[in-house]
Each structure stands twice: as structure tokens, then as C-alpha cells.
Amino acid sequence: MRLLTPFVNEPLTDFTREENYRKMKEALDHVRSQLGREYPLIIGGKEVYTREKIVSRNPSCHSESVGLVSRADRDLAQQAVEAAAKAFPAWKNVPPEARARCLLKAAAILRRRKFEFSAWIVLEAGKNWVEADADTAEAIDFLEFYAREMMRLAQPQPLTPYPGEENILEYLPLGVGVVIPPWNFPLAILVGTTAAPVVAGNTVVLKPASNTPVIAYKFMEVLREAGLPGGVVNYLPGSGGEVGDFLVGHPQVHFINFTGSKEVGLRINALAAQIAPGQKWLKRVIAEMGGKDAIIIDEECNLDEAIAGTLVSAFGFSGQKCSACSRLIVVGKVYQEVLDRLAAKVALLKVGPADEYGVDLGPVIDQASFNKIMQYVEIGRREGRLLVGGKGDDSRGYFIWPTVFADVPPGARIAQEEIFGPVLAVIPARDFDEALAIANDTEYGLTGGVYSSNRFHLEKARREFHVGNLYFNRKITGALVGVQPFGGFNMSGTNSKAGGGDYLKLFMQSKVVSERF
């Protein structure tokens, strides 16, 4: 594949152009015409319908069904593992270049259906147009990037020459894996966490998030059209308690690729560490588990850029990102000015159904999330001073207005616990050293940011701000595939660095063959 061009990120769509606006409206109408359909499991390439269903609902209008998806039980989970194990011997022997071509074909299909997939994301996940488009673009990026990475790793790997011997290092797939992606990036993370182990030669059981199973099924359609053999990816929606735990503990499973909450990630890690009867390997857990991310606004900085970056970081997709800014730490004399300007900007943000063009914040994902976030809003009223927001309405959809609390103590619950909603805690700091100490005072370590024109402060943060992805003078969300490999420290996970040059190696093992002549 010598003619393959170097990787470049998929461009984002400009919806101010009439043509793109029209295409998105048409895609939304097209997707709406398909709402309420039933979808099967896919095991070994065959469709399996079950009596029990997962009902996927539009979070902007919770009376509207997006689709009814078959729900797996343990017997079907066993069948899915067996199907993956049966498909593995043939798939691992498919040349890496051919496996990469499947991803490149899938990327081309997804690019042609870009508006359609973004429309599914709008209606099933509640992302606004811009956020949904970025989700789809990132999914395309993962396919394109990991295809090229597999071809790179399939080449002869450099070793120190030794006289009279041939020494070769090659990468081999692990076997059957379980992929458990989240609902908040229902296409991008699902695609990335699935495509990487598959292009590396593994077969997987994909258990999509119960909030967004229809988008996952639509991606299975793409894989089928791209020529992926049956059994390489097995689509298995189901509950975590029944199906998830069973898959994680299964003796034929080699690895678990998980993105989600800290609590679930820790449970998966504990279950995977237990050796099941007949198991011959240590299971690998690749986990991305969340964050309590902070932006520091220094006294010396461009406040216009700092406030704009904070708004996007804190309230993009209603704060439902593990990388979202949920703590704003403001240094010294600019504290009150930041509060005043931030409150004015937040009050202008538009909340409404995600399918309406120009909406800044759509709904949160479901009733449980709505209730949890509103409980944190009540906690925030006791722990800080409500600056703006604090309102929620779940009568039609799950809408929560962007909320900012000022004068929050660093040890407060809203400054320590992951809320996963549009709630921002603003914390004053006397100086930059104290701001940095506050930023690090959390069990997480995913993303962080500093707005400063002070080079000494930036370099100190470069050394001491303990996060996996650190951003200076820009927003702390929106890591680009190939540009900013993503993954954090501490309770934020295993530092997987998705979208980077090390990621595929997590799903492979290296073998060295030495021959003396």
C-alpha cells in the first residue's frame, strides 16, 4: 500500500454553508423516518432476535423511541465468545495490510454517510450538530490512523545486528477480547476501541452502551459492507451485571478494552485479575475511567481566550466528557473579573433540543444522569455560591442549564467528585503555586489546562501538573487522533494513549525468532 497518503485528520463540517446545513437537515429527516425499528444481536455474522429488548430513547424528547434492540443473556454471551474464538485462527492469519484495508474501506463508507451518522448521534445521544459532526469525524480518524499504524508495525522492527544470526521481532494478536465503549462518544470511542484490536488481528465481543445501541448497530452495518468476516466483531448489547461481568471473567477472553466510570473500571480490573479455570494467560485491561479536570487561569494571560476556552471545555456536550473542565482555578487579582465575565457569557448559552441548529447545550443522556446532576447542583448550593444556572427541566427532555458555583473550597464534593454534567466549580488561589497544588489535589489525572503568558509558570506546570493530557492557552477537550494521544494517570485509567503510536501494541504481544547460520 505504498500509494497510501500520510494520515490527516478528517475536516469538520461548516454548517454556516447552505449546502452543509441542507444536508444535515435532510439527514435528520432520513433518520427520523427510521426511528422505532427493531435491531438484532449479531453473533458469528448471524442475526439473533431476543424477546427482551433495550429501548433506546431520544434524550431531547424521552417519549420518542430511537429503536428497540435485542438484549443478550449469558447463554448468548457464551455463544458470542465462542464465535469470536472460532473466527480468530483465520483472522489472525489475514495479512496485516488486508486487515488495514477493511478499516480504510470502513472509513470511506463512514465518510460517505457522515451526515447520516451525525444525525443518529444527535437523536440518540443528544449531541448538538457541531459535537455530533466532531464525533463522526473522530471515528473516521481512528479508522484511518489505526490502519496506517498496523501497516507500520507489520514492517520489520529494528533490532541490534548480531554477527552470524538473523533476529526478527514481530507483533502477534492476543486472541478474543471484550470491548465496552461509553455512550458519550457513541461512534468515535466505539469505533476506536473496536477497530484497534481488530486491525491488530484479534476478534472481539462488542458490548455497546445501553443508551446508544442503535448507533453501534449502524456501525456493524459499515463493517459488514467493508468486508469484515462474520465472528470478528460480535454485537452483544446487554446489562453490565449479567453480560458484562460474565464476559470479563470468561476464561477464553484475553483482554478487556473499557471506557466508562471509575467505579465500573475498578470492578472490571478486579474481575479480570481473577484466574478462571482453564485460563492460561493474564488478562489485559485497557481502561479509560474519567476525570475531575481543571483549568488554571493565571493573572498574566489573555482573559478573552481563557473565558472562551473554559466555556467550550466546561459546557460542550453539557459537560458529559471525561475531559471536560469541571474545576476552574483562578489566580489572585483577576478572580472577580473572571467571575463577572464568565457569568455573562454562560447566561447567553442556548439550551434546547439537540436537533435544533444553533443550540449550545442539548440534553443530558437520561433520567438517572439528570437526577444525579441535579443532586450535585443542590450540594453545590451548600458548598459554594451559585453564580449562574442551577435550573433543570425533565418534562420533555433531560435539560440542565449551565451552572457555575463560585468560592468553592478545594475539598468540596463538587470540586472532587466527577459530576459528568454542566456544572463548574470556581476556586480562588492566592498564587500560581497554590493553583497548581489545588489542580493536583484529586484522585484523577486525565486532562488539565493553563492560561498564562508567564513562561516560568507554564514550564512549572509542564513539569508538575500531573495529568496525561495537558493543554496551554487552549481548551482541554477535543484531543485529535494522531496529534494528541489520549489517556490519563491515577484513577483516570491505564494511560492508554488512544490515537497514538503505542495504542495498537496494547492488543498484541511481541515474539522474537533467532536463527544462527
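The values are calculated or read from the model by the stated rules, or taken from the named source; none is laboratory data. Please read these numbers as outputs of a predicted model, since none were measured by experiment. Using ideal geometry, Cβ is built from the backbone for each residue, glycine included, and neighbour counts are taken over all protein chains shown.
Taking region 90-134 on its own, how many of its residues are of a type in the set (Val, Ile, Thr) and either over 22 Å from the mean Cα position of the chain (by Cα) or farther than 17 Å from Tyr21 by Cα (or both)? Explain how you work it out, then say what you get.
So in region 90-134, the residues of a type in the set (Val, Ile, Thr) come out as 94, 109, 121-122, 130.
From what is left, the residues that are either over 22 Å from the mean Cα position of the chain (by Cα) or farther than 17 Å from Tyr21 by Cα (or both) are 94, 109.
Qualifying residue count, region 90-134: 2.
Somewhere in region 254-271, is a residue surrounded by fewer than 16 Cβ atoms within 10 Å (Cβ to Cβ) and touching a strand residue (DSSP E or B) at 6+ places or on another chain (Cβ under 9 Å)?
Yes, there is a match, as at least one residue in region 254-271 is surrounded by fewer than 16 Cβ atoms within 10 Å (Cβ to Cβ) and touching a strand residue (DSSP E or B) at 6+ places or on another chain (Cβ under 9 Å).
Could you look through region 1-60, keep only residues that are part of a loop (DSSP other than H, G, I, E, B) and of a type in the set (A, V, I, L, M), and pick out the one that is nearest to Pro237 (Cα to Cα)? Even if it seems obvious, please write down each step before you answer.
Applying the first criterion (part of a loop (DSSP other than H, G, I, E, B)) to region 1-60 yields 1-17, 33-36, 40, 44-45, 49-52, 59-60.
From what's left, of a type in the set (A, V, I, L, M): 1, 3-4, 8, 12, 35.
On the way: Met1: 36, Leu3: 39, Leu4: 35, Val8: 33, Leu12: 30, Leu35: 18 Å.
Looking at residues that are part of a loop (DSSP other than H, G, I, E, B) and of a type in the set (A, V, I, L, M), I get Leu35.
For region 314-331, which positions are farther than 19 Å from His457 by Cβ, outside any loop (DSSP other than H, G, I, E, B) and of a type outside the set (A, V, I, L, M, F, W, C)?
In the first step, residues of region 314-331 are kept if they are farther than 19 Å from His457 by Cβ; the result is 314-324, 326.
Still in the list and also outside any loop (DSSP other than H, G, I, E, B): 314-319, 326.
Within region 314-331, Gly316, Ser318, Gly319, Ser326 meet the criteria.
Right, Lys460: in the same structural domain as Gln155 (by TED's automatic domain parsing) and basic (Lys, Arg) or not?
Values: in the same structural domain as Gln155 (by TED's automatic domain parsing): no; basic (Lys, Arg): yes.
No; evaluated as a whole, the condition is false for this residue.
From the residues in region 326-348 that are crowded, with 24+ Cβ neighbours inside 10 Å and in contact with a Phe, Trp or Tyr (Cβ under 9 Å, 6 or more places away or on another chain), which one is nearest to Asn128 (Cα to Cα)? Write out each step before concluding.
Going residue by residue through region 326-348, those that are crowded, with 24+ Cβ neighbours inside 10 Å are 326-331, 342.
Among the residues that remain, those that are also in contact with a Phe, Trp or Tyr (Cβ under 9 Å, 6 or more places away or on another chain) are: 326, 331.
On the way: Ser326: 20, Val331: 33 Å.
Only one residue tops the list, namely Ser326.
Is it the case that some residue within region 226-239 is at pLDDT below 95 and either out of contact with any strand residue (DSSP E or B) (no Cβ under 6 Å at 6 or more places or on another chain) or of a type in the set (Ser, Thr, Tyr) (or both)? Steps first, answer last, please.
Initial filter on region 226-239 (at pLDDT below 95): 239.
Okay, now just the ones that are also either out of contact with any strand residue (DSSP E or B) (no Cβ under 6 Å at 6 or more places or on another chain) or of a type in the set (Ser, Thr, Tyr) (or both), so 239.
Checked against the condition, which is being at pLDDT below 95 and either out of contact with any strand residue (DSSP E or B) (no Cβ under 6 Å at 6 or more places or on another chain) or of a type in the set (Ser, Thr, Tyr) (or both), region 226-239 yields at least one hit.
Kindly establish whether Asn202 is under 30 Å from Thr5 (Cα atoms) and outside the structural domain of Gly319 (by TED's automatic domain parsing).
On the way: under 30 Å from Thr5 (Cα atoms): yes; outside the structural domain of Gly319 (by TED's automatic domain parsing): yes.
In short, yes.
Is it the case that region 432-442 has a residue that's among the polar types (S, T, N, Q) and buried (at least 23 other Cβ atoms within 10 Å of the Cβ)?
Yes, that holds for at least one residue.
Please go through region 349-377 and pick out each residue that is more than 22 Å from the chain's Cα centre (by Cα), over 28 Å from Phe115 (Cβ atoms) and exposed (fewer than 13 other Cβ atoms within 10 Å of the Cβ).
Scanning region 349-377 gives a single hit, Gln375.
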